[in-house]
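All remarks here apply to the structure that follows.
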């Protein structure tokens with residue numbers, strides 16, 4: 001039943017988002033692992049469409065938040081509103097009180113407002129004027145951002161990036177796929193015609209199954225070997241943190257389940273190293289796109305030099 005549900009979810013999204021199979025697959029991996037996704041690329045490559053397709057396929061409550069420079073933290077988490085008739089304050093929840101939150105162009109809003117999502121993404125709760133309020137379950141943030149060299153953008157700080165389980169580049173489709181995209185859009189937006197193939201309760205059940213996926217000690221040692229090599233690398237000023245290692249552990253469990261297995265293999269870790277860790281490490285003397293390119297290069301070097309468990 002679990003495999004059928006996951007397959008239906010992937011096929012449903014792929015039917016509307018052509019040529020983005022890897023991005024779709026890893027987004028579902030993050031969802032089932034209880035993580036969050038950051039889609040990073042130039043405008044017009046389908047980042048928002050992918051997020052909408054995923055949300056519609058889940059059949060969960062969905063809210064889209066368009067991030068702008070004048071957005072305030074209270075616009076995200078909500079605030080207490082004074083009611084003159086009763087003389088009391090009433091809490092009006094913000095868009096974060098949902099199952100799937102699409103934070104579109106998250107780096108167009110200020111770091112102060114970006115930080116309003118930190119507690120929500122880490123602990124599935126928000127604090128408003130000293131009172132803690134739980135968020136619905138499941139809670140999944142899928143954010144998009146344009147390259148921060150673009151005018152009017154703010155780079156996400158390291159602690160914000162660390163809350164995203166995977167960071168993906170959508171990329172340009174090949175010519176054949178792009179022709180199919182043009183054809184599919186003749187009669188309208190394919191995402192608008194998607195129907196839900198599951199619901200929130202099923203997703204919660206699968207998330208519990210992810211934690212039961214077996215991870216052999218040799219796999220854990222392999223993961224930790226890569227982690228410690230990143231901390232010792234001379235070209236990195238910040239290696240993989242303990243939270244990063246834990247995130248990889250859970251993501252590998254989820255990828256195994258999505259692949260139809262109840263156990264993790266080394267290839268799961270190898271496939272996830274770049275999307276899970278490239279946005280968490282900091283290279284010396286590199287900025288912007290150069291930082292990401294160098295991070296990917298260094299992680300690939302570490303992978304090649306780390307013995308794979310048999």
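The values are calculated or read from the model by the stated rules, or taken from the named source; none is laboratory data. Everything quoted here is computed from the prediction, not taken from an experiment. Cβ sites come from the backbone with ideal geometry, for glycine too, and all protein chains shown count toward neighbours.
Brief remarks follow.
- The single condition from (1) over 18 Å from residue 135 (Cα atoms); (2) surrounded by fewer than 22 Cβ atoms within 10 Å (Cβ to Cβ); (3) out of contact with any helix residue (DSSP H, G or I) (no Cβ under 7 Å at 6 or more places or on another chain); (4) in contact (Cβ under 8 Å) with a residue 60 or more places away in the chain that residue 47 fails is (2).
- At least 3 residues being modelled with pLDDT of 90 or more is the threshold, and among the helices (runs of 4 or more DSSP H) wholly inside the range 1-88 those reaching it are 2-16, 21-32, 73-77.
- Of all residues in the range 141-164, those that are under 17 Å from residue 296 (Cβ atoms) and modelled with pLDDT of 80 or more total 2.
- If you go through the range 284-305 and keep only what is at pLDDT below 85 and more than 18 Å from residue 168 (Cβ to Cβ), you end up with 284, 285, 286, 287, 290.
- Scan of the range 235-264 for residues that are crowded, with 16+ Cβ neighbours inside 10 Å and either within 24 Å of residue 11 (Cα to Cα) or touching a strand residue (DSSP E or B) at 6+ places or on another chain (Cβ under 8 Å) (or both), ordered by number: 236, 250, 251, 252, 253, 254, 255, 256, 257, 258, 259, 264
Rundown of residues vs (1) closer than 25 Å to residue 154 by Cβ; (2) surrounded by fewer than 18 Cβ atoms within 10 Å (Cβ to Cβ); (3) touching a strand residue (DSSP E or B) at 6+ places or on another chain (Cβ under 6 Å), yes/no style:
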residue	(1), (2), (3)
74	yes, yes, no
78	yes, no, yes
81	no, yes, yes
101	yes, no, yes
115	yes, yes, no
118	yes, yes, no
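- With respect to (1) under 20 Å from the mean Cα position of the chain (by Cα); (2) more than 25 Å from residue 203 (Cα to Cα), the lone exception for residue 46 is condition (2).
Each row is one residue, and each column tells you yes or no for (1) under 30 Å from residue 7 (Cβ atoms); (2) free of Cβ contacts under 8 Å to residues at least 60 places away in the same chain.
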| site | (1), (2) |
| --- | --- |
| 233 | no, no |
| 244 | yes, no |
| 257 | yes, no |
| 266 | yes, yes |
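- Just so you know, in the range 215-234 the residues that are in contact with a helix residue (DSSP H, G or I) (Cβ under 7 Å, 6 or more places away or on another chain) and in a loop (DSSP other than H, G, I, E, B) include one that is farthest from residue 278 (Cα to Cα), and it is 215.
- Residue match in the range 151-171 (condition: exposed (fewer than 12 other Cβ atoms within 10 Å of the Cβ), touching a helix residue (DSSP H, G or I) at 6+ places or on another chain (Cβ under 7 Å) and either under 25 Å from residue 42 (Cβ atoms) or not assigned by TED's automatic domain parsing to the domain that holds residue 26 (or both)): yes
- The single condition from (1) at pLDDT 85 or above; (2) in the same structural domain as residue 56 (by TED's automatic domain parsing); (3) surrounded by fewer than 18 Cβ atoms within 10 Å (Cβ to Cβ) that residue 176 fails is (2).
- Failed item, numbered, when residue 270 is tested on (1) touching a residue at least 12 places away in the same chain (Cβ under 8 Å); (2) under 24 Å from residue 107 (Cα atoms); (3) surrounded by fewer than 19 Cβ atoms within 10 Å (Cβ to Cβ): (2)
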